[in-house]
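To start, the structure itself, in structure tokens.
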Amino acid sequence: MPTIQSIQSLGSTPSVSRACPEGRSVTHPRRAMTRPIGIQPATPMPAPIPLTMQDHASTVARNPAGASQLVARLNTQDTAEPAVRALLSRYGCRALGRPRERIVKWTAKIEEALRDQTNAAQALDALMAGDTRRMVFLLEGLLKLYRKTYPKLESQYQRVKALEDALGGISYTAAMLREVDTTGLPDKVIQQTREKCLNAQAKAEQLLADRWLPGTAPDGRIKGVASILAHLDAQAWQPYDQDRETLLKTIRSELHEIETNRYDMADLHNGLHELRRRLRWISVFTEAVDGLVVLDATRNPLPALAPRLDTDLARSKFAQLQPPVRESTPVRLSKSLYLENMAAVLELGAIKDALEPLDFVATALQEAGLTTNRAASEALALTSLDHPQSYINDKIAAAENLYIQLRDTDLLRTFRHELKPRP
């Protein structure tokens, strides 16, 4: 029987009820498999002076030199979204222009959720509820793209990542508590799981109290937000066109790494979970760049994927990206490629979600001293969760088939090629 490797919380476990013993119980609907992190409906964006892809095309047609003038307007603050302008005003920050404005947008969404919170428990609820946690993901994803170009942003990336990891830790331990509560596992295992749930919640609340609550900065503002804006203000930034190429090149590089790496589907953490996580980041990146990438349903470089366009997934509000309101030259990405990547994330996620409870219970049995080795732990976990002995092999085989299909379709190479600037 292949051995499932230990799971660590990576912020990708679906949000569930944070029902910890002797703690607060806040219900968060478990994410359906048709709704991956980072693929969400575009938020309506007020734009007093809408500068769109169509504006750019008409400008160039009338006056080729006007393209540079449009880019110059994009790099001013007067046309930025109201939420961006309001945040910069509240924090006494100068106009930062379009490239850095991408980061400010997601920061503003998080600040809005935290601005009126008076304690860590309330702030945690605000981040876990609704759409706010996705904003943390998008901010983390954008900083992840920029951190190699701007090493001084590494500290900000790590702090936002720590926040998302803490939120993920709550979702993960709460999900596992629900699993063990429905089994006949020994009380010791259940109690240990409850303690892990409480510890994850306490860790997240402490992180919020230290950095993400109003008043954590000397002037009464949010320290985490103030630090991001200060770093953006101090950092010399590439001009718009160069920044655009940097982002696209970085996403292409990520795709190339996924394409050339090999993932062992029998290894839950370093294989299956890692592949799904990296594919999911591609979806996060394409949304986080805030309109730089737009979907095109008329482009099908892999004709076999065209049927994806006639599916419930394709028609759902979750198969959307941000509109190019603040981009002069967005890149058009085949929607069928995007949907195929989304489908791979969903299907691999379903297998991961099926195997995680088994891995968790097997580890818990060993930690409780109820088994002497991993094989015995997995065998007892299978019985406790009412799974047949073939359960692990069946799930691994399904993941391997998906991985083979992903490679055979040439999805990643084609996706990468789509993100190259075209005339």
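The values are calculated or read from the model by the stated rules, or taken from the named source; none is laboratory data. Everything quoted here is computed from the prediction, not taken from an experiment. Positions of Cβ are backbone-derived with ideal geometry, glycine not excepted, and every protein chain shown enters the neighbour counts.
Remarks
- Neighbours by Cβ (under 8 Å, 6+ apart or cross-chain): first from the stretch 103-129, more than 19 Å from Tyr91 (Cα to Cα) and in contact (Cβ under 8 Å) with a residue 40 or more places away in the chain; second surrounded by 20 or more Cβ atoms within 10 Å (Cβ to Cβ) and of a type in the set (Ser, Thr, Tyr): Met128/Ser15; Met128/Ser171
- Every residue from the stretch 324-344 that is more than 16 Å from the chain's Cα centre (by Cα) and hydroxyl-bearing (Ser, Thr, Tyr): Ser328, Thr329, Ser334, Ser336
- Verdict on Ala375 being at pLDDT 95 or above and surrounded by fewer than 20 Cβ atoms within 10 Å (Cβ to Cβ): no
- Failed criterion for Leu382 (all others in (1) within 30 Å of Glu287 (Cβ to Cβ); (2) without any contact (Cβ under 8 Å) to a residue 60 or more places away in the chain; (3) buried (at least 17 other Cβ atoms within 10 Å of the Cβ) hold): (1)
- Of the criteria (1) surrounded by 15 or more Cβ atoms within 10 Å (Cβ to Cβ); (2) polar (S, T, N, Q); (3) modelled with pLDDT under 50, which one Thr107 fails: (3)
- Looking across the stretch 287-305, the residues that are out of contact with any helix residue (DSSP H, G or I) (no Cβ under 7 Å at 6 or more places or on another chain) and assigned to a helix (DSSP H, G or I) come down to Pro303, Ala304.
- Selection of the stretch 235-291 for residues being within 22 Å of Thr107 (Cβ to Cβ), touching a Lys or Arg at 6+ places or on another chain (Cβ under 7 Å) and of a type outside the set (Val, Ile, Thr) yields Gln235, Trp237, Tyr240, Asp290, Gly291.
- Residue match in the stretch 98-118 (condition: outside any helix (DSSP H, G or I), out of contact with any strand residue (DSSP E or B) (no Cβ under 7 Å at 6 or more places or on another chain) and under 29 Å from Ala362 (Cβ atoms)): no
- Candidates Arg221, Arg194: the one that is touching a strand residue (DSSP E or B) at 6+ places or on another chain (Cβ under 9 Å), of a type in the set (D, E, K, R) and closer than 22 Å to Ala120 by Cβ is Arg221.
- Annotation: Gly130 fulfils all but one of (1) of a type outside the set (Phe, Trp, Tyr); (2) assigned to a helix (DSSP H, G or I); (3) within 21 Å of the chain's Cα centre (by Cα); the unmet one is (2).
- Only one of Leu309, Leu348, Leu333, Leu355 that is modelled with pLDDT of 95 or more, in the same structural domain as Leu268 (by TED's automatic domain parsing) and not in a helix (DSSP H, G or I): Leu333
- Condition check for Phe285 on (1) buried (at least 23 other Cβ atoms within 10 Å of the Cβ); (2) free of Cβ contacts under 8 Å to residues at least 24 places away in the same chain: one failure, at (2).
- Single residue of the stretch 192-234 satisfying the filter (in a loop (DSSP other than H, G, I, E, B) and crowded, with 17+ Cβ neighbours inside 10 Å) that is nearest to the chain's Cα centre (by Cα): Leu213
- Out of Glu164, Glu179, sole residue that is among the charged types (D, E, K, R), modelled with pLDDT of 95 or more, in contact with a helix residue (DSSP H, G or I) (Cβ under 9 Å, 6 or more places away or on another chain) and in the same structural domain as Ala108 (by TED's automatic domain parsing): Glu164
- Residue within the stretch 306-321 that is under 26 Å from Lys249 (Cα atoms), touching a helix residue (DSSP H, G or I) at 6+ places or on another chain (Cβ under 7 Å) and in contact (Cβ under 8 Å) with a residue 40 or more places away in the chain present: yes
- All conditions in (1) among the hydrophobic types (A, V, I, L, M, F, W, C); (2) within 30 Å of Pro239 (Cα to Cα); (3) modelled with pLDDT of 95 or more hold for Val325, with the sole exception of (3).
- Residue check, Leu185 in contact (Cβ under 8 Å) with a residue 40 or more places away in the chain, farther than 20 Å from Val104 by Cβ, buried (at least 16 other Cβ atoms within 10 Å of the Cβ) and not aromatic (Phe, Trp, Tyr): yes
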